[in-house]
Amino acid sequence: MNEENNSKHYSGFVNIIGNPNVGKSTLMNALLGDKLSIITSKPQTTRHRILGIWNDDNNQIIFSDSPGIIDDPQYQLHKRMNDAAFGGFEDADVLLFVTDIYEQYTGEEKVIENIRQIECPKVLIINKVDMLKDVSRLEEITNKWSEWLKFDKVFTISAKEKTGLAELLTFIRESMPEGPEYYPKDQLSDRTERFFVSEMIREQILLQYKQEIPYSSEVEVMSFKEGEAKAGPIIRIQANIYVERPNQKNIIIGKNGSEIKKLGIASRARMEEFFQKNIHLELHVSVKEDWRRSERSLDVFGY
Ligand SMILES: Nc1nc2c(ncn2[C@@H]2O[C@H](COP(=O)(O)OP(=O)(O)OP(=O)(O)O)[C@@H](O)[C@H]2O)c(=O)[nH]1
Ligand SMILES: [Mg+2]
C-alpha cells in the first residue's frame with residue numbers, strides 16, 4: 001500500500017471496458033467523484049475514450065472510460081468506437097471489465113481472448129446490484145464467466161448508489177506500479193473544455209429526442225469565449241449540431257423552434273453546473289449527409 005509519508009510515486013492506467021449501457025461511465029464518475037463522462041439510459045452514449053485523472057501527493061490514477069463494445073458495427077463510426085474501446089486492452093495497468101446483473105453475456109470470442117491475454121490485474125465488475133432481486137443471479141454470472149476465463153478479482157457494486165466502491169478503490173491503489181506523474185497534478189482529464197461542452201449538448205440530445213435522432217447527431221463547438229458580464233463571469237459558446245438528413249434537422253429544431261429552445265435551456269443548465277459560471281449558448285443545426293459512414297467526417301469530428 002502506498003504509505004502517507006512515502007516519497008515514492010505510484011501511477012497507472014485503469015481501463016474501464018464492457019458492453020454498452022452496463023454503467024462504465026457512471027462507474028468512472030463515481031470513482032472520480034466528478035461528472036466527467038455523460039450518462040444516459042441509452043446504449044452507445046459514450047463515443048470516445050475519455051481519461052479521468054485522480055490525484056494526491058503520492059498517487060496518480062488515470063481512469064479511462066470507453067465506448068461500449070458494439071457486436072455488429074454498422075457504420076464507420078461504430079468501427080472507430082470499437083477501436084477506441086479495444087485500445088483499452090493495450091495500455092492498462094488494471095483492467096475493469098464491467099457487466100451488470102441484467103446482461104446475458106454470450107462470451108464474444110474476440111473480447112474473451114483480449115481479456116485472457118492481458119497481463120495486468122483484471123477485475124470483473126458486476127454492476128447495478130441495487131436492482132438485484134435474487135442473489136443466486138450473482139453466482140450464475142460468476143459461474144458463466146469462469147467457464148471462459150479467470151479474473152483476479154470480482155466486485156459486485158452499484159455505481160449509481162456508490163456501494164462497493166471503497167473496496168474496489170483499495171484494490172486499484174494497491175495494484176498501481178511505481179511511476180511518474182503522467183499528467184500535471186491539477187489536470188482532471190485529457191479532454192478540453194470544448195470537448196465537454198459538445199458532450200453535454202449530446203447528452204441532452206440523447207435525453208430529449210427519440211429513435212435515430214441522437215445516433216445521427218454530432219456536436220461541434222465553434223467558439224468558446226470566457227468573459228465578464230454584469231452578473232459575473234460568463235462563457236459564450238457557439239455550437240453546431242450536425243444531423244444526417246434534412247428531416248432530422250426539422251425534428252431537432254421543432255415547431256417554431258420549440259425543441260431546440262428546450263435543448264438550449266437544458267444544455268445551458270448542465271454547463272452552468274459543470275463550469276460554475278454563467279453560460280450564453282447559441283445552437284445551430286446543419287446537415288452533413290451520412291457523416292457516420294464518412295471517414296473524412298469522422299476524422300474532422302475527432303474519432
Ligand atoms: N440501477 C442502476 N443503474 C445504473 C447503475 N449504474 C449505471 N446505471 C444506469 O445505467 C444506464 C447506463 O449508464 P452509463 O454509465 O451511461 O453506461 P455505459 O456503460 O457508460 O454506457 P455506454 O456509454 O452507452 O456504453 C444509465 O441509465 C445509468 O443511470 C447502477 O449501479 N444501478
Ligand atoms: Mg458511457
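The values are calculated or read from the model by the stated rules, or taken from the named source; none is laboratory data. In this text, all values refer to a predicted model and were calculated from it rather than measured experimentally. Cβ coordinates were reconstructed from backbone atoms using ideal geometry, including for glycine residues, and neighbour counts include every protein chain displayed.
Scanning region 27-54 for residues that are farther than 17 Å from L77 by Cβ, of a type outside the set (A, V, I, L, M) and within 8 Å of ligand 2 (Cβ to nearest atom) returns a single hit, S37.
Within the option set I16, I61, being more than 16 Å from ligand 2 (Cβ to nearest atom), β-branched (V, I, T), crowded, with 17+ Cβ neighbours inside 10 Å and assigned by TED's automatic domain parsing to the domain that holds K128 holds for one residue only, I61.
Of all residues in region 27-41, none are crowded, with 20+ Cβ neighbours inside 10 Å, in contact with a strand residue (DSSP E or B) (Cβ under 7 Å, 6 or more places away or on another chain), under 21 Å from T170 (Cβ atoms) and of a type in the set (S, T, Y). Considering (1) free of Cβ contacts under 8 Å to residues at least 12 places away in the same chain; (2) in contact with a helix residue (DSSP H, G or I) (Cβ under 8 Å, 6 or more places away or on another chain), the lone condition that A269 does not fulfil carries the number (2). Checking S146, S175 one by one, the residue that is hydroxyl-bearing (S, T, Y) and surrounded by 16 or more Cβ atoms within 10 Å (Cβ to Cβ) is S175 and no other. Which ones in region 38-70 are in contact (Cβ under 8 Å) with a residue 60 or more places away in the chain, within 11 Å of ligand 1 (Cβ to nearest atom) and either over 24 Å from R270 (Cα atoms) or of a type outside the set (D, E, K, R) (or both)? The answer is I38, I39, T40, Q44, T45, H48, I50. Got a sec? Which of G23, G107, G68 is within 14 Å of ligand 2 (Cβ to nearest atom), among the small types (G, A, S) and at positive phi? Step by step, each of G23, G107, G68 is checked, and only G23 is within 14 Å of ligand 2 (Cβ to nearest atom), among the small types (G, A, S) and at positive phi. Only one entry of R268, R245, R292 meets the criterion of being surrounded by fewer than 19 Cβ atoms within 10 Å (Cβ to Cβ) and in the same structural domain as Q208 (by TED's automatic domain parsing), and that entry is R245. If I ask for residues that are without any contact (Cβ under 8 Å) to a residue 40 or more places away in the chain and within 14 Å of Y242 (Cα to Cα), which ones from region 188-221 would you list? Hits for region 188-221 are E212, I213, S217, V219, V221.
For N5, the requirement of being outside any helix (DSSP H, G or I), away from ligand 1 (no atom under 12 Å from the Cβ) and at pLDDT below 95 is met.
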